[in-house]
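J.: For reference, the structure I am asking about is given below.
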4 protein chains.
Amino acid sequence: VTSAQRKSFGSDNHAGAHPAVLTALTAANIGDATAYGDDPLTEGVTARLCAEFGAAAAFFVFGGTAANVLGLGLMLRPFEAVICAESAHLNGDECGAAERVLGSKLLTVPAPGGKLTPALIASQLAGRGNSHRAQPRAVEIAQATEVGTVYTLDELRAISEFCRASELLLYVDGARLANAAAYLDCTLADLAAHADVLSFGGTKNGAMGAEAVIVMNEPLAAAMPFQRMQLMQLASKMRFLAAQFGALLDGGLWLANARHSNAMAARLADGVAGVPGFRLAHPVEANAVFGVLRRDQVRALQQDWNFHVWAEEAAEESVTRWMTAFDTTPADVDAFAAAIRATAPLPRQPVF
Amino acid sequence: VTSAQRKSFGSDNHAGAHPAVLTALTAANIGDATAYGDDPLTEGVTARLCAEFGAAAAFFVFGGTAANVLGLGLMLRPFEAVICAESAHLNGDECGAAERVLGSKLLTVPAPGGKLTPALIASQLAGRGNSHRAQPRAVEIAQATEVGTVYTLDELRAISEFCRASELLLYVDGARLANAAAYLDCTLADLAAHADVLSFGGTKNGAMGAEAVIVMNEPLAAAMPFQRMQLMQLASKMRFLAAQFGALLDGGLWLANARHSNAMAARLADGVAGVPGFRLAHPVEANAVFGVLRRDQVRALQQDWNFHVWAEEAAEESVTRWMTAFDTTPADVDAFAAAIRATAPLPRQPVF
Amino acid sequence: VTSAQRKSFGSDNHAGAHPAVLTALTAANIGDATAYGDDPLTEGVTARLCAEFGAAAAFFVFGGTAANVLGLGLMLRPFEAVICAESAHLNGDECGAAERVLGSKLLTVPAPGGKLTPALIASQLAGRGNSHRAQPRAVEIAQATEVGTVYTLDELRAISEFCRASELLLYVDGARLANAAAYLDCTLADLAAHADVLSFGGTKNGAMGAEAVIVMNEPLAAAMPFQRMQLMQLASKMRFLAAQFGALLDGGLWLANARHSNAMAARLADGVAGVPGFRLAHPVEANAVFGVLRRDQVRALQQDWNFHVWAEEAAEESVTRWMTAFDTTPADVDAFAAAIRATAPLPRQPVF
Amino acid sequence: VTSAQRKSFGSDNHAGAHPAVLTALTAANIGDATAYGDDPLTEGVTARLCAEFGAAAAFFVFGGTAANVLGLGLMLRPFEAVICAESAHLNGDECGAAERVLGSKLLTVPAPGGKLTPALIASQLAGRGNSHRAQPRAVEIAQATEVGTVYTLDELRAISEFCRASELLLYVDGARLANAAAYLDCTLADLAAHADVLSFGGTKNGAMGAEAVIVMNEPLAAAMPFQRMQLMQLASKMRFLAAQFGALLDGGLWLANARHSNAMAARLADGVAGVPGFRLAHPVEANAVFGVLRRDQVRALQQDWNFHVWAEEAAEESVTRWMTAFDTTPADVDAFAAAIRATAPLPRQPVF
């Protein structure tokens, strides 16, 4: 195989769409459908999503940043702020979308393992009632987190209870919510029970490009139709977003995809355990392996393999991120693990 | 046929995707591709679009409102305004997206037939240099217009020359640009030559959901990558937007689709010409027929057919809009025309 | 007198501050005061304003545009729109502040005499519930209007009742509210009873620079402290804004000032009545005279006098605006009226 | 004296206006003046400010947050970010004004002593060219800083040179620029030479309420008239902002005021040096003393004196902020210092 043919570990969105998604798109392409979501397919898939999540409403949007911004947009006036981890995708990887589109400030806090806690959230509440400070109103967490860890249901409950007691709304960035549910072996409703609004990522789970915003209580949902249009996220041929989620819901494909990609990440972590020069930066819970390697190892690997360097550490080490996807095969993983092992320094030969 | 099976004349986005588009999506779904457009398919289709338009750059976005807002966003600071027709989609059908996202004011002017002219544009320039007025900086026209008319190349040239002489940039909403090119029997480059930035609509031309922003000169394009991300229009699996445009470009499918839908609108107009109670509200140039009927005729038709009432007129009349699409058949048109004819009042019987 | 010494009829903000305002500023300048409004003077004047208006809360801001934007900001989410007269200051003279700062669209309607009516407001409600349209939520009227007319209490009541029945909130731009109260011979509370939020202009009434936002019910006011800070309208040395309003409230100075300036406008209108070539463009109710003159008359007058040309009419005529202020004297008016009369064409001499 | 009569050390904006400012306001209140700054007084004072700073243009605004937002607004598109200290007023005390009004993200960095350095700035540049990151474009520093320290001219030069070499523009929040100039014994032009845009704070220097935005090169200034109006900072009776700066410029009053308040802070620091339980949190350079005290000392002092607790430290200590103003007297300082000394624990008596 050439480098181009090797499986990418760069991102779960380097994968294409699951074949069932394409089949569903083809099936949805029969006849006319009223635009903007006023069609039976959209209505049906929306109802199924609401049932899965125990939600009041669900709305399709084009991408993950949009899901985050529109989800938070249901909760915030511009002088209200979002408490989130410094490492949040919202903070570091969305080009300031939340600030620009919502006008809201992000109150960021360093969060070990990418996870907020009630104590970390509480540390950001000092300015309440002070008109010189943006007013904390929403908490944003990612499940799974940006570093591949997963909040336990107990951790979620603790955050959720803290939020409710503190007049804070909880938004969950679920770009990889399926991977979290798979890891926790729980339902989507189990996760959603702790949130006010969450996103459910289709794209990284095998869709071609579709995300859903899930709203747990009716009053929060009322603004969405208008906000979605004004913020340029209302698909005219909506049935094609709905069809993708329909395919992922059918027979629990979303869960199978997530379980598989999680398993591939675990297999990769196992495959490189004990390699000299390597250690895990974070526990492997969802579909990411964050591995620390020496920079010369990284350079050697990058000749042939696609993955991201996440951070440069001291002592000539780099944190790398290796993502798996629904279509990563055991053979892909084993080949990559072998390549990683091959970068390990030879043990020093004893001198006789 | 039941009502549900009758072809919709409600909008060209009630149609599904052209089969070639689905084929292209399937073909694009092989192997991995780097996300966010850094893949060969995206690069290739982008280059082909630039060649077709004689453009400096092209960018895919999810929808038509986004194309308009991001296209104008390359031209405007928030205190700068857009001159557009009162009837512009931008003004009346995008939920205030431009105002919210760009912060810019729209300076609207009643425009007969949906068309701006140099004189109409000039009427909006009085506030220049006056700090109490939003400063006119961009002109927005739609080609084809919101009422199905098409600017001639001479009309475009006159507007374009006026804009250049007046330090105004010209943005063309090309959600139906293909239909305009088909009507004028000109190239996309012929149309683009008069614009600074334009959109090229894929969705209404047979795509599943994809639009392109075409930028005619390099400096205007520099901000787009960042703006597109910040405004939530950067597709992660970008290849699937590119593939749709690839299919439309192959063998001139975009033009064939546009010619066909234009022809179906012309056939419909012919089919109802002379029907008592009916008259055209606008000349039929692209793929829309704006027909005036008496309200009782409209009510009767709406029992079985899907179309929009555009405006209520005096004298118990309504302006209706009938859109055709790439997949509207002559039989569809003839059935609808027959139904329209059937609403005509019986001629008064002579009394013996 | 030279041109520079002649009284300006250009605007009521060409006048300086009333001496009592300067006296109040000097009196307020004793000792320290906690910043940002947490001082006894601010609290006291705020309470007096609330009492005058029968209001729940009052907030000082720096200028009239800010009062309008912040007042409307208490009512609107960005996808919600403001219905206002095309001639509204908000629409034509604030450089798009509402659009930029609030993100909201203005739904403008031509309004004879600058006045909205329930029917005109109703004409803008068609898009309700349609996600493609910005949602009408607030109505904005100016009292007095931009063309110097005044809504009667009956007209206000009709608008107010229509708004309440239609789930619309009513904002009153009261940059010249004092002049309206003086004209109607009613209290500020009489005017405020019909509004949800209004501004009360100090600057044009004799202040140095201070406006108040008056909020009629408590829940609407809750966001103001944060919004005012975020939108850069929170004065640190707030006592000096409060002191200005204190002076205007003392002994009803606001009303005396308004009555006087209204009287001067009436005197001016009387003084030019019947002058050949002159006619009123609008009835003279507050402190403005909108007079139509031939353009050669205007040119001659502008040699020596400061006033605005409001609009150019056909037939070589211009609409001019002549504003009076608290410090305009009868002698000022009479001199200006004489100058206007002097521009009149000589009556054609009878030929013997 | 009662607590209310004791000089506040809470903020330099607890002071009133310098008598010369009131005199200037009274002098400016003669006759009419064209509104919005088109008057000789505004033109004259603006020219004097430009001369003092070696600047291309100067603009008056109402407050310090506005000066910061409008100054940065000349430099930034919404996808461009500001690098600033975590402790910046812009970040922590302006209710998210920059984010809301400009749409821009703040890239904050912990800055010892409130001061950025080229290395700290450089640490925020990693995302350049990456469309997922807001693009660093401006650097914001405060001179004096939020904790009363002052950048030396060498430190300023190093930052300025780094910015120019890195395509970054430098904005200086000069709410207390006068205090910095006084401390450094340099001219305003010496400070301004290193900046692209800066604010010059009048309010904390003895004005009633006026700030200036100083723009060092012409092209950056072009947008200001429109931006200032759209962002609600254009005073109608502008002469009264200009008059305040005129008074501060006359005879170098700004410098005398700053020198005096700096001297009072130094006197206070001297007066409490060596008090048991007390230490300085930051060097005393401008007109602030940041003193650490035990919490019981703070509680005792707050019975009678007005000052802010800046931060709570471990070990039962608090960082307090004591500000001096142009009108703080040596007697005020000595009384406060005595009160602080009186909170010190009695030395433990030796036991015989």
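J.: At a cut-off of 40 Å², which residues of the range D:23-42 become less accessible once all protein chains are present than in their chain alone, using a 1.4 Å probe?
T.: Listed in order, they are D:Asn29, D:Asp32, D:Tyr36.
J.: Non-local amide H neighbours of B:Ala193 (under 5 Å, H modeled in plane, Pro and chain starts lacking H): which ones?
T.: So B:Ala193 has HN proximity to no qualifying residue.
J.: Also, I was wondering about something else. Roughly how big is chain D's charge dipole about its Cα centre, with Cβ charges of +1 (Lys, Arg) and -1 (Asp, Glu), in debye to the nearest 20? Before the final figure, lay out the partial values.
T.: On the way: 26 positive and 35 negative charges, 107 e Å.
The calculation lands at about 520 debye.
J.: With 18 Å as the cut-off, how large is the P(r) tail for the range D:259-344, expressed as percent of Cα-Cα pairs?
T.: 34
J.: Using a 7 Å offset from the Cα along the Cα-to-Cβ direction at both D:Glu86 and B:Asp250, what is the distance between the two label points in nm, to one decimal?
T.: Label at D:Glu86, label at B:Asp250, 5.5 nm between them.
J.: Take the Cβ-Cβ distance between C:Gln5 and B:Ala311 as r, set R0 to 51 Å, and report the resulting FRET efficiency rounded to the nearest 0.05.
T.: 0.35
J.: Please list the non-local residues whose amide H lies under 5 Å from the amide H of B:Glu313, H modeled 1.01 Å from N, same-chain partners needing a gap of 5 or more.
T.: Sorted by chain and number, the residues that satisfy this are B:Ser318, B:Val319.
J.: Working from Cα positions, state the angle (0 to 90°, nearest 10) between the long axis of helix D:19-28 and the longest principal axis of chain D.
T.: The angle comes out at about 20 degrees.
J.: Ordered by residue, what ³J(HN,Hα) values in Hz, to whole numbers, does the range D:176-183 give under the Karplus form 6.51 cos²θ - 1.76 cosθ + 1.60, where θ = phi - 60° and Gly and Pro are x?
T.: Computed from phi, the couplings for the range D:176-183 are 10, 5, 4, 5, 5, 4, 5, 5 Hz.
J.: Given points 7 Å out from each Cα along the Cα-Cβ axis, report the C:Ala344 to B:Thr187 separation in nanometres with one decimal.
T.: Going by the 7 Å Cα→Cβ label model, 6.9 nm.
J.: Go through the range B:217-230 residue by residue and turn each phi into a ³J(HN,Hα) via Karplus (6.51, -1.76, 1.60, θ = phi - 60°); whole Hz please, and just put x for glycine and proline.
T.: Working through the residues one at a time gives 9, 3, x, 5, 7, 4, 7, 4, x, 6, 4, 4, 5, 5 Hz.
J.: Output the residues of the range D:208-236 meeting this criterion: accessible area (heavy atoms, 1.4 Å probe) in the chain alone minus accessible area with all protein chains in place is 50 Å² or greater.
T.: Going by heavy-atom accessible area, the residues of the range D:208-236 that drop by at least 50 Å² are D:Met208, D:Phe226, D:Met229, D:Gln230, D:Met232.
J.: Place +1 on the Cβ of every Lys and Arg and -1 on the Cβ of every Asp and Glu in the range D:66-130, take the dipole about the Cα centre, and give the residue among D:Leu106, D:Phe79, D:Cys95 whose Cα lies farthest towards its positive end.
T.: Sorting the options by dipole projection puts first D:Phe79.
J.: Please compute the contact order of the range C:210-352 in relative form: average sequence separation of alpha-carbon pairs under 8 Å and at least six residues apart, divided by the residue count, as a percent. Spell out each step's value before the answer.
T.: Working: 157 pairs, mean separation 31.8, N = 143.
The value is 22 percent.
J.: What residue of chain C sits with its beta carbon nearest the rotation axis taking C to D, and at what distance in whole Å?
T.: Result for the axis mapping C onto D: C:Phe62, 2.
J.: Next question. Once both axes come from the Cα atoms, what is the angle between helix B:253-272 and the longest principal axis of chain B, in degrees from 0 to 90, rounded to 10?
T.: 20
J.: In whole Hz, with x marking every Gly and Pro, tabulate ³J(HN,Hα) for the range C:295-303 from phi via Karplus 6.51 cos²θ - 1.76 cosθ + 1.60, θ = phi - 60°.
T.: 4, 5, 5, 4, 4, 5, 4, 5, 4
J.: Give the B-C buried accessible area in Å², both sides summed, 1.4 Å probe, nearest 100.
T.: Details: alone 15220 and 15230 Å², together 28950 Å².
That pair of chains buries around 1500 Å² in total.
J.: Can you give me the long-range amide H partners of C:Arg279? Hydrogens built in the peptide plane at 1.01 Å from N, cutoff under 5 Å, separation of 5 or more residues or another chain.
T.: Here the answer is C:Val292, since their amide H atoms fall under 5 Å of that of C:Arg279.
J.: How large is the accessible surface of A:His308 in square angstrom, using a 1.4 angstrom probe and rounding to the nearest 10?
T.: Here the accessible area works out near 80 Å².
J.: With label points built 7 Å along Cα→Cβ from the Cα atoms of A:Arg157 and A:Cys50, find their separation and express it in nm.
T.: 2.8
J.: Further question: Using a 1.4 Å probe on the protein chains only, how many percent of the accessible area of the range D:1-151 belongs to carbon and sulfur?
T.: Carbon and sulfur: 56 percent of the exposed surface of the range D:1-151.
J.: Give the ranking of D:Asp196, D:Asp38 by solvent-accessible surface, highest area first, calculated with a 1.4 Å probe.
T.: Accessible-area ranking of D:Asp196, D:Asp38, largest first: D:Asp38, D:Asp196.
J.: Computed FRET efficiency, Cβ-Cβ of D:Asp38 and D:Ala273, R0 51 Å: what is it to the nearest 0.05?
T.: Working from the Cβ atoms, E equals 0.45.
J.: Quick one: dipole size for the range C:274-352, taken about the Cα centre, charges +1 on Lys/Arg Cβ and -1 on Asp/Glu Cβ, in debye to the nearest 20.
T.: Around 280 debye, computed over the range C:274-352.
J.: A further question follows. Got a sec? Charge dipole of the range A:108-222, +1 on Cβ for Lys and Arg, -1 for Asp and Glu; which of A:Ala126, A:Ala195, A:Ala221 is way out at the positive end?
T.: Positive-end residue among those listed: A:Ala126.
J.: So, one more: What nm distances, shortest first, do you get from the label point of D:Ala189 to those in the other copies when the point sits 7 angstrom along Cα to Cβ?
T.: 5.6, 6.1, 7.6
J.: For chain B, report the accessible area per residue in Å² (1.4 Å probe, heavy atoms, rounded to an integer).
T.: 34
J.: State the percentage of accessible surface on the range B:239-339 attributable to carbon and sulfur atoms; use a 1.4 Å probe and exclude ligands, DNA and RNA.
T.: 53
J.: Using the Kirkwood radius over C-alpha pairs as Rh, can you work out the diffusion coefficient of the protein assembly as shown via Stokes-Einstein at 4 °C, viscosity 1.567 mPa s, in µm² per second? Spell out each step's value before the answer.
T.: Values: Rh = 34.2 Å.
D, rounded to a whole number, is 38 µm²/s.
J.: What is the sum of charges, Lys and Arg at +1 and Asp and Glu at -1, for the other residues whose Cβ falls under 10 Å from the Cβ of B:Ala325?
T.: Net of charged neighbours comes to -2.
J.: Given Cα pairs under 8 Å that are at least 6 residues apart, what percent is the relative contact order of chain A?
T.: It rounds to 24 percent for chain A.
J.: Given the whole protein assembly as supplied and a 1.4 Å probe, what does the accessible area of A:Glu312 come to in Å², nearest 10?
T.: 110
J.: Once the label point is placed 7 Å from Cα along Cβ, list for B:Ser166 the distances to the corresponding points in the other copies, in nm, shortest first.
T.: 3.3, 4.4, 5.5
J.: A follow-up question, please. To the nearest 0.05, how large is the calculated FRET efficiency for D:Ala331 and C:Glu218 if R₀ is 45 Å and r is the Cβ-Cβ distance?
T.: 0.50
J.: Please work out how much accessible surface B:Glu317 shows to a 1.4 Å probe, ignoring ligands, DNA and RNA, in Å² rounded to 10.
T.: That residue has around 40 Å² of solvent-accessible surface.
J.: Could you sort out which of A:Lys105/D:Lys115; A:Lys105/D:Lys204; A:Lys115/D:Lys115; D:Lys7/D:Lys204; C:Lys204/D:Lys237 sit more than 19 Å apart by Cα distance in this structure? All intermediate terms of the calculation are to be shown ahead of the outcome.
T.: Working: A:Lys105/D:Lys115 22 Å; A:Lys105/D:Lys204 27 Å; A:Lys115/D:Lys115 30 Å; D:Lys7/D:Lys204 15 Å; C:Lys204/D:Lys237 9 Å.
Over 19 Å apart, Cα to Cα: A:Lys105/D:Lys115; A:Lys105/D:Lys204; A:Lys115/D:Lys115.
J.: What are the distances, in nm and sorted shortest first, from the label point of B:Pro219 to the label points of the same position in each other copy, with each label point placed 7 Å from Cα along the Cα-to-Cβ direction?
T.: For B:Pro219, the other copies' label points sit at 0.8, 5.2, 5.2 nm, shortest first.
J.: Can you show me the helix-derived [θ] at 222 nm for chain B, built from DSSP H runs with n ≥ 4 at -39,500 (n - 2.57) apiece and divided by the number of residues, rounded to the nearest 500. All intermediate terms of the calculation are to be shown ahead of the outcome.
T.: Working: 15 runs with 138 residues, N = 352.
That comes out to -11000 deg cm²/dmol.
J.: Further question: If you place +1 on the Cβ of every Lys and Arg and -1 on the Cβ of every Asp and Glu, how big does the dipole about the Cα centre of the range D:170-291 come out, in debye to the nearest 20?
T.: 400
The values are calculated or read from the model by the stated rules, or taken from the named source; none is laboratory data. Because the structure is predicted, anything quoted here is derived from the model rather than measured. Cβ sites come from the backbone with ideal geometry, for glycine too, and all protein chains shown count toward neighbours. Surface accessibility is based on the protein's heavy atoms, side chains included, excluding ligands, DNA and RNA. Shrake-Rupley method; radii C 1.70, N 1.55, O 1.52, S 1.80 Å.
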